[in-house]
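First the structure, in the form of structure tokens, and then the observations on it.
Values quoted throughout were computed directly from the atomic coordinates according to the rules given, and no laboratory measurement underlies them. Just so we're clear, the structure is a prediction, and the values are computed from it rather than from any experiment. Note that we place each Cβ from the backbone using ideal geometry, even for glycine, and neighbour counts take in every protein chain shown.
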Amino acid sequence: MGTRAGRLTLIIIGIVAIVFGALFAGQGANLIPGSSMTGDPTWLFIGLGLVVVGIVLVVLGVRRRKGSL
């Protein structure tokens, strides 16, 4: 994924993963009511894991390759 489009794709997917992960974690922690996920700690851990994956994808997308301008 050294191309500009590839890096942009990683960043976009990472941001989406962070948003959904935060939503899942919020519902799992009983902070966001209104679904069957609310108050279920399983979704808290799934959400936190998704946030971590999203952060890794964003970092990989932002990081420049050696020798590229």
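Among 48, 57, a tally of other beta-carbon atoms within 10 Å of each Cβ gives an order, fewest to most, of 48, 57. Computed on the Cα trace of the stretch 4-62, the radius of gyration divided by the Kirkwood hydrodynamic radius gives Rg/Rh = 1.12.
Site pair residue 32 and residue 5 shows an inter-label distance of 3.1 nm when each label is modelled 7 Å from Cα along Cα→Cβ.
From helices alone, the chain scores -24000 deg cm²/dmol at 222 nm; the rule is -39500 (n - 2.57) for each run of n ≥ 4 DSSP H residues, then divide by the residue total. Given their separation in residues at 0.36 nm each and the Cα-Cα distance between them, residue 60 and residue 20 gain 12.5 nm when the chain is fully extended.
Among 3, 9, a tally of other beta-carbon atoms within 10 Å of each Cβ gives an order, fewest to most, of 3, 9.
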